[in-house]
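Notes follow the structure.
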Amino acid sequence: MKTGVCYYPEHWPEQQWANDAARMHALGLRVVRIGEFAWSRLELADGTLHLDWLQRAIDTLHQAGLSVVLGTPTATPPRWMLDRYPDMLAVDANGRSRDFGSRRHYCFSYQPYIEQCKRIVKILARQFGEHPGVIAWQTDNEYGCHSTSISYSPAALAAFRHWCQQRYGSIQSLNEAWGNVFWSMEYDTFDQIGLPTGTVTESNPAHRLAYWRFSSDQIKHFNKVQVDILRQFSPGRDILHNFMGNFVEFDHHDVARDLDIAAWDNYPLGFLTRDNQDPSDQEFYVRTGHPDGSGFHHDLYRGCCNRRWWVMEQQPGPVNWAPYNPSPLKGMVRLWGWEAFAHGAEVMSYFRWRQAPFAQEQTHTGLLLSNGDDDVAAGEVAQLNAELQQLKALLSREQLHAVLNPNDRQSANASVDPDHNRPETALPVQADVAIVFSYAGIAIQDIQPPGGDAFSALGFCQRVYSACRQWGVNVDIVSPDAPLTDYKLLLLCACTEDDPKLVSALTEARAQNSVSIVLFPGTGSRTAEYQIPPNLAPGHFQSLLPVRVIRSESLPAAQSVRAIDQHDQSANTGQWREHLHSDVTPSMHFGDGWGYRYQHQGIHYINAVPEQADLIDTIGEILNNCNIPTRNLGPHLRTQRIGPVQVAFNYGAQSVELDKILGETLGFHHDTTLIVGSRTLAQAQVAVWVVR
Ligand code: GAL
């Protein structure tokens, strides 16, 4: 893994650039992202191009031994663009236009803006596409950030009508698919179709799902237009996009299909304070982030582009945008770096080099203070880089080759070009367990939440992930289209769409290596057009396990429902529960006679939302049945295996004795020598060793 940084040469006097570049190199950084917000400095209102400064910036960085990722500047259309195209603005659900004065104010469906994007991308790609210092391109910046995935503009409405025509062919088919006979919602022509907003009560969920799919397709198209130009004029360079954390507003698997690398922006403390609903997590992990917050996303994005992924922006200290912005504990910046390495990142790049003394993000830290002095993170990054070098020296080339045998899922990406700081092949991350993660499935649950207001479909997937990780296993998170045959256990999280293709892939995986499968509540409960399957939920999945959902209930957040088995073992569930009909005998019963947990020959249906302790026990039991070796790490300690290297991270307040907790299962023997860290692992510390 190489480290890098996000840099804005246009914010600083040119005389400073060479010194900045030399200092970056001295810290061990090798990759620099620039340019993604610089349109107003690249092109003036009168059409004059000013590419010379960018040329000098790239030259300066390259000469200092740094490789450049060039961002296309399309997330920040300059003011003159708006004068020319006043209708380019995205419109929110209340019909209000977003305005100029920050960023991302464009609508993905406004064709003249797409033409402008094509133009500027072509200019940049022609000018810099073959520069020896440019190794990669980033398209735009964080699609969907600031609630911009979905726009309700006139351009979007027109494009949506066209999209519907393509998808449904005739208005009769659309009416049929959406069930528009209900409440006399039938349309006579495609031109009558409106936006799924502003209706008296909720709009048709099928209409909303279609609008979600359409909006996702618009982002895919917007991205693909840029990718095609970059491929033409910048051969051999990787193309990536920086996706976000805790974000499911479009189908990332689908957009990523056109990219070489899925990158994401990791702000562990920002995400905890903004998104975590659990007050005890908020308090306990306030300076570390949640132990599974980064890991979940690392594994999710590793599943997007054939296992190639980066962290494009990494939190270095307090950020500016969460409800409150604490300072990380000493050691966390280094720990987050090791964690990214252990999950297989090719590059971990910090946001940003120097804190900006002006504008919206002036309270957001960087590696340097705004006056140019080193900030705390700089020291931790230097230490991380020195340690990574030490590990690299230890794993000789021969050993690397032994690890990268031809059957590795990653070997296809092996390419080493040290002269250009190209990322070398990351060591392979292998997992026996995969979570099958469906963005459309999450959208279906979010449109009509089946578990009441307190239930979050994404949050539940993250709880399942956490439960696995507590048992010390590596986890892949993959799309429903991914190859599934190499796993021992597949967990279907939010696979709400009744997807016959996924059912065939699961059947095939069963036939090939008798993989075990866990279905969670809601699996296969809606067709692709948001209807209940004709044979009831879980639709086609019934061919795997003969169960049928005859009732689903949601409950207040605080209410818990207990199930017990014949030996008086109990499990607590809450929020959402299903009543099944089946010939299979459930393992437990609720007090009202509903069954809980059905399993038959390695296929499990968990028909309620277990409380976390019970979810952990259930997953532990299933891992054991699959002969997957486990150790209970508790809530705060995590491990991750990459190639022959095992890394442990302590997110908890207490030191832990690795000898007591890890054991041989995780390759930790009494005579194991640590490459980094110590056997008593303090909070925010990392231990690294090579497994024999
Ligand atoms: C990201 C964004 C960056 C910067 C950063 C601040 O979402 O891509 O441009 O705004 O947040 O944390």
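Checking each residue in region 19-58 for being within 17 Å of ALA136 (Cα to Cα) and surrounded by fewer than 16 Cβ atoms within 10 Å (Cβ to Cβ) picks out only GLN55. Note on region 646-689: residues that are at negative phi and in a loop (DSSP other than H, G, I, E, B) amount to 19. From the set of residues in region 94-126 that are among the polar types (S, T, N, Q) and surrounded by fewer than 22 Cβ atoms within 10 Å (Cβ to Cβ), which is modelled with the lowest pLDDT? Step by step, filter region 94-126, then rank; the result is ASN94. The residue pairs whose first member lies in region 266-288 and is in a loop (DSSP other than H, G, I, E, B), whose second member is within 16 Å of the ligand (Cβ to nearest atom) and open to solvent by 40 Å² or more (accessible area, probe 1.4 Å), and whose beta carbons are closer than 7 Å, counting only pairs six or more residues apart or on different chains, are ARG287/SER327.
Condition first: out of contact with any Gly (no Cβ under 8 Å at 6 or more places or on another chain), part of a helix (DSSP H, G or I), open to solvent by 10 Å² or more (accessible area, probe 1.4 Å) and under 30 Å from VAL134 (Cα atoms). Can you find one or more residues in region 212-219 that meet it? Within region 212-219, one or more residues are out of contact with any Gly (no Cβ under 8 Å at 6 or more places or on another chain), part of a helix (DSSP H, G or I), open to solvent by 10 Å² or more (accessible area, probe 1.4 Å) and under 30 Å from VAL134 (Cα atoms). Based on what the data block shows, is GLY293 on the phi > 0 side of the Ramachandran plot, open to solvent by less than 40 Å² (accessible area, probe 1.4 Å) and in contact (Cβ under 8 Å) with a residue 24 or more places away in the chain? Spelling it out, it is not the case that GLY293 is on the phi > 0 side of the Ramachandran plot, open to solvent by less than 40 Å² (accessible area, probe 1.4 Å) and in contact (Cβ under 8 Å) with a residue 24 or more places away in the chain. For beta carbons closer than 6 Å, sequence separation of 6+ or different chains, a first residue in region 108-121 that is touching a residue at least 40 places away in the same chain (Cβ under 8 Å) and a second that is among the polar types (S, T, N, Q) and outside any helix (DSSP H, G or I), the qualifying pairs are CYS117/THR74; VAL121/THR72.
Within region 649-670, does at least one residue satisfy the condition of being within 28 Å of the chain's Cα centre (by Cα), at pLDDT 95 or above and open to solvent by 10 Å² or more (accessible area, probe 1.4 Å)? Checking region 649-670: at least one residue is within 28 Å of the chain's Cα centre (by Cα), at pLDDT 95 or above and open to solvent by 10 Å² or more (accessible area, probe 1.4 Å).
On the stretch given as region 76-117, residues that are in contact with an Asp or Glu (Cβ under 9 Å, 6 or more places away or on another chain), more than 16 Å from the ligand (Cβ to nearest atom) and among the basic types (Lys, Arg) total 1. Candidates are the residues of region 171-182 that are in contact with a Phe, Trp or Tyr (Cβ under 9 Å, 6 or more places away or on another chain) and part of a loop (DSSP other than H, G, I, E, B); the one that is least open to solvent (accessible area, probe 1.4 Å) is ASN180. Do you know which of the residues in region 204-240 that are within 30 Å of LEU272 (Cα to Cα) and either in contact with an Asp or Glu (Cβ under 7 Å, 6 or more places away or on another chain) or of a type in the set (Gly, Ala, Ser) (or both) is nearest to the ligand (Cβ to nearest atom)? Only one residue tops the list, namely LEU240. Summed over region 1-33, residues that are within 15 Å of the ligand (Cβ to nearest atom) and closer than 17 Å to GLN315 by Cα total 7.
Across region 496-514, the number of residues qualifying as among the aliphatic types (A, V, I, L, M) and surrounded by fewer than 23 Cβ atoms within 10 Å (Cβ to Cβ) comes to 4. For region 86-99, the criterion of a residue being touching a strand residue (DSSP E or B) at 6+ places or on another chain (Cβ under 9 Å) and more than 19 Å from ILE114 (Cβ to Cβ) is satisfied by at least one position. Looking at the structure I just gave you, is ASN276 within 16 Å of the ligand (Cβ to nearest atom) and either within 21 Å of ASP476 (Cα to Cα) or polar (S, T, N, Q) (or both)? In short, no.
Could you tell me which residue of region 306-345 is nearest to the ligand (Cβ to nearest atom), considering only residues that are buried (at least 24 other Cβ atoms within 10 Å of the Cβ) and in a loop (DSSP other than H, G, I, E, B)? Among those residues, the one meeting the criterion is GLN315.
Against the numbered list (1) over 24 Å from GLU176 (Cα atoms); (2) open to solvent by less than 40 Å² (accessible area, probe 1.4 Å); (3) modelled with pLDDT of 95 or more, THR523 comes up short only at (1).
So is PRO546 open to solvent by less than 30 Å² (accessible area, probe 1.4 Å), assigned by TED's automatic domain parsing to the domain that holds SER525 and modelled with pLDDT of 95 or more or not? Spelling it out, it is not the case that PRO546 is open to solvent by less than 30 Å² (accessible area, probe 1.4 Å), assigned by TED's automatic domain parsing to the domain that holds SER525 and modelled with pLDDT of 95 or more. Within region 483-494, does at least one residue satisfy the condition of being of a type in the set (Asp, Glu) and surrounded by fewer than 20 Cβ atoms within 10 Å (Cβ to Cβ)? Within region 483-494 (the criterion being of a type in the set (Asp, Glu) and surrounded by fewer than 20 Cβ atoms within 10 Å (Cβ to Cβ)), the answer is yes, since at least one residue qualifies. Here VAL376 meets each of (1) more than 16 Å from the ligand (Cβ to nearest atom); (2) crowded, with 23+ Cβ neighbours inside 10 Å; (3) β-branched (Val, Ile, Thr) with one exception, condition (2). I'm checking my understanding of the structure. Among residues of region 350-373 that are of a type in the set (D, E, K, R) and in a loop (DSSP other than H, G, I, E, B), which one is surrounded by the most Cβ atoms within 10 Å (Cβ to Cβ)? Applying the filter and picking the extreme gives ARG352.
Let's see how each residue does on (1) at pLDDT 90 or above; (2) of a type in the set (A, V, I, L, M):
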| site | (1), (2) |
| --- | --- |
| MET348 | yes, yes |
| ALA356 | yes, yes |
| GLU361 | yes, no |
| VAL376 | yes, yes |
| ALA386 | yes, yes |
| LEU404 | no, yes |
| ALA412 | no, yes |
| SER415 | no, no |
| ILE435 | yes, yes |
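The criterion of at least 1 residues that are over 26 Å from the mean Cα position of the chain (by Cα) and at pLDDT 95 or above is met by the following strands (runs of 3 or more DSSP E) wholly inside region 561-644: 570-582, 588-590, 598-600, 603-605.
The values are calculated or read from the model by the stated rules, or taken from the named source; none is laboratory data. Everything quoted here is computed from the prediction, not taken from an experiment. Positions of Cβ are generated from backbone atoms using ideal geometry, with glycine treated the same way; all protein chains shown enter the neighbour counts. Ligands, DNA and RNA are excluded from the accessible area calculation, which covers all protein heavy atoms including side chains. Shrake-Rupley method; radii C 1.70, N 1.55, O 1.52, S 1.80 Å.
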